[in-house]
Amino acid sequence: MIYIHKALPLVISPLGLLVALLLLGIFLRRFWPFYLVLIFTLIFSWPPTARLIWRNLESTYPYQPIDRVEQADAVVVLSGMLGMFETEYGHVAEWGGAADRFFAGIDLIQAGKADKLIFTRGQMPWSDGPPEGEVLRLKALNMGVPEANILLTGKAANTADEAIQVKTLLQQEGLKHIILVTSSFHMPRSKRLFDHAGINNVAYPTDFQANATTNWLDMIPSAQAFSATSSGLREYIGRMYYWLRF
């Protein structure tokens, strides 16, 4: 199932649409599909398109100050912020775009919003590197979080697995109420899954990616905007996938 979940957005995506139109034009020997490729390429790579998508994705869970977050038993930080690559010295982890998840979790603990900090052992089936939570645990220790206050779940390949693993850990530890930390755009489907698992949780969104400022350069199509549009539409597909399941 995880392979279908990861592969589907690659097919139903801006790139997938453009490739399909190109193949259609070649098959029909007509020019109109190629005109559509040009039009859609400009639309998908136009920065205002990407900005509109991301503002909508993050509108449900806007920024909130830590002092407004209610107390809980634990802070749960979802995986998805590290990139693993293999070197001659072993596997090396580097921060990805969602690194704010980790630091938001640390901030909540340091603010006294909970005693326990939970990391999920996120790991794809095809990965031979260490689970993400194990790396994050070491980083949290280096930042002064006591070892006794850090908990790790079992391995999880996606957000649905994380919800299941977190519930199991909470039952084992006798914890009932959590602060759920993940990217703002990722929070709607994450919270839906955690609610479905019967976990009492309050959302703390972070990692905001919608660009609030604009200038004349935002009118020029770019590969960066195309990538942002693609990843935004991929998140919509992910939400639809879980809405249909639950």
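The values are calculated or read from the model by the stated rules, or taken from the named source; none is laboratory data. Predicted model, so just to flag it, every value in this text is computed and none were measured. Cβ sites come from the backbone with ideal geometry, for glycine too, and all protein chains shown count toward neighbours.
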**Prompt:** Which of the residues belonging to the stretch 55-75 are out of contact with any helix residue (DSSP H, G or I) (no Cβ under 8 Å at 6 or more places or on another chain), of a type in the set (Gly, Ala, Ser) and surrounded by 13 or more Cβ atoms within 10 Å (Cβ to Cβ)?
**Reply:** 72
**Matching strands (runs of 3 or more DSSP E) fully within the stretch 135-246 where at least 3 residues are surrounded by 22 or more Cβ atoms within 10 Å (Cβ to Cβ) and among the hydrophobic types (A, V, I, L, M, F, W, C)** = 177-183
**Message:** Let me confirm something: among 16, 83, which residue is farther than 21 Å from residue 188 by Cβ, assigned by TED's automatic domain parsing to the domain that holds residue 174 and surrounded by fewer than 18 Cβ atoms within 10 Å (Cβ to Cβ)?
**Reply:** 83
**Fill in**
Over the stretch 106-132, the set of residues modelled with pLDDT under 95 and under 17 Å from the mean Cα position of the chain (by Cα) is 121, 122, 123, 124, 131, 132
**Tally of residues being in contact with a helix residue (DSSP H, G or I) (Cβ under 8 Å, 6 or more places away or on another chain) and in a loop (DSSP other than H, G, I, E, B) across the stretch 104-117** = 4
**Item:** Within the stretch 118-134, tally of residues that are in a loop (DSSP other than H, G, I, E, B) and of a type outside the set (S, T, N, Q)
**Value:** 7
**Request:** Please go through the stretch 47-85 and pick out each residue that is in a loop (DSSP other than H, G, I, E, B) and more than 16 Å from residue 210 (Cα to Cα).
**Result:** 65, 69, 70, 71, 72, 73, 78, 79, 80, 81
**Prompt:** When the stretch 29-46 is examined, which residues are found to be outside any helix (DSSP H, G or I) and either assigned by TED's automatic domain parsing to the domain that holds residue 180 or within 22 Å of the chain's Cα centre (by Cα) (or both)?
**Reply:** 45
**Asked** Counting only residues that are free of Cβ contacts under 8 Å to residues at least 24 places away in the same chain and assigned to a strand (DSSP E or B), which one in the stretch 86-103 is nearest to residue 204 (Cα to Cα)?
**Response** 95
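For (1) out of contact with any Leu (no Cβ under 9 Å at 6 or more places or on another chain); (2) polar (S, T, N, Q); (3) free of Cβ contacts under 8 Å to residues at least 12 places away in the same chain; (4) closer than 18 Å to residue 133 by Cα, each residue gets a yes or a no:
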| position | (1), (2), (3), (4) |
| --- | --- |
| 163 | no, no, no, yes |
| 171 | yes, yes, yes, no |
| 176 | no, no, no, no |
| 190 | no, yes, no, yes |
| 197 | yes, no, no, no |
| 208 | yes, no, no, no |
| 231 | yes, yes, yes, no |
